[in-house]
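Values quoted throughout were computed directly from the atomic coordinates according to the rules given, and no laboratory measurement underlies them. All of these numbers come straight from a predicted model, not from anything done at the bench. Neighbour counts run over all protein chains shown; Cβ positions are idealised from the backbone, glycine included.
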Amino acid sequence: MELTLTAEQIAADESTSTSADLDDIFTKAAEFTPLSKEEGLRLMQIPLHSDDCYRLMALANRISREQFGNKGENHLHIGLNVEPCPLDCLFCSLTHKAGIFTEKIDFPEEQIIAWAKYGEEQGADGLNLMTTGTYPFSRLLELGRILSREVSVPLIANTRDISHAEGEALLAAGFVGAYHAVRLGEGRDTPLNRNKRIATIGVLRDVGLRWMNCVEPVGPEHSAEELIELMFLARDYGATYSGVMRRINFPGSPMTKYGMITELEMARLVAISRLIMGNVPKAHCTHEPHSASLLTGANLFFPEVGSSPRDGQCDTGKGRGLGIATCRQMLQEMNWNTELPSNCYR
Ligand code: SF4
C-alpha cells in the first residue's frame, strides 16, 4: 500500500535542517542579551513543526524553568460585573452590539467575597478583579478594601485607563498591580486610544503598581509586525508577566470570519515572546489554559469566575472558565510546582 504524506508532513520534512542565522539569536536570548525587533521578526518566520521551532520552544522552556525556579502560577480572574458594554470592542462578548447580555449584573458582594475565599483556599497566587469599560471606579476601590480585609491573596485590578491619582487610590485600596493590555487592533477593533492605554502603563510604573500584561487577543489576521510591536512594548515597559492569549470567537462574533489560531500556534508565539522578554518578567502567562504552552515558556494560568469577554454565560465558572484545581493539575502534569510562593511580587 502506498503511503501519502499530508501537506503538513511535507512542510515538516522540508524544515528538518536548522538555520545557522538563528544560532546567534538563540545564544543572545539564552544570555539575556536584549533582542532587536528585526531578530524578533526573524523568530516569527520560524514555521511550526520545523526543527528550528522545537529549538525555539526548548530554549523558551529552559529559560522559564530556570528563571522562575519551576514555579507554576494560578491567578484567579474574577469578573465583577456583566453589562452590554457601550464601548463595543469587536472581540468581546460583553458588548452592547453582540446582544448576548441585555441587562446589567453587578455580582453581589457576598458572591465576590466567596470567589476570593475560594481563590485563597485553592492557593491562587493572585486575584485579578476585572470590570467592564464603564464600571464605577469607586466601587472597584471599595471592593479592593473589602477583599484586602477578607483574604491575603494579592489583588490585581483590570479596569479602564487611569490617572496618577486613581493609581494612588488603587494602591491605597490594597491593589498591588494592574492588568492593562494595549490590545491588538487597539483603536481599530476598539474605540480606545492606543496612546492613552500606553500612558496608563506609565502611570502604573510611576505610582508603584506592578504592570501585568498579555499580547492579546491574537487571531490569524494579525501580522508579525503587530505582534512583535506589543511583545517589545511589554519588555520595554517592564511587565511583570506578558505572554500570549488567543482570541476566542464567541457565537455571532464579528471576528468569526478570521477564524482562530490553534493552541500549538499559540505555543509558538508564547516561546517567541518568552525570548523577547529576556530577564524582565517574573512569570509568563497564556490563556485560555492548555498544556502545549507549558512546554514552551508559559508558567502562569488564569482560572476564571464571574464575567468573561469570551463567554456567553454570566458566570464563566459555569461556562468556558476553568477552575483552579483543573489549572493546578495541568501545571503539575507538566512538572510545574504550584506549591512554591509566587515570583510576581518580589
Ligand atoms: S473589552 Fe472591555 S471595554 Fe471593550 S467592550 Fe468588552 S468590556 Fe467593554
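Structure notes:
- When Glu103 is tested against (1) acidic (Asp, Glu); (2) part of a helix (DSSP H, G or I); (3) within 28 Å of Leu87 (Cα to Cα), exactly one condition is not met: (2).
- The range 114-133, subset of a type in the set (Asp, Glu) and not in a loop (DSSP other than H, G, I, E, B), residue farthest from the chain's Cα centre (by Cα): Glu121
- All of Ile25, Ile63, Ile78, Ile46 fail the test of being touching a residue at least 12 places away in the same chain (Cβ under 8 Å) and touching a Cys at 6+ places or on another chain (Cβ under 6 Å), apart from Ile46.
- Residue count, the range 88-117 (criterion: small (Gly, Ala, Ser) and more than 10 Å from the ligand (Cβ to nearest atom)): 3
- The condition of being crowded, with 17+ Cβ neighbours inside 10 Å, away from the ligand (no atom under 16 Å from the Cβ) and under 17 Å from the mean Cα position of the chain (by Cα) holds for only one of Gly144, Gly72, Gly79, that being Gly72.
- Output for the range 328-346, where each listed residue is surrounded by 19 or more Cβ atoms within 10 Å (Cβ to Cβ) and assigned to a loop (DSSP other than H, G, I, E, B): Trp336, Thr338, Ser342, Asn343, Cys344
- Top-ranked residue of the range 170-229 - restricted to ones that are within 13 Å of the ligand (Cβ to nearest atom) and of a type in the set (Asp, Glu), ranked as farthest from Thr159 (Cα to Cα): Asp189
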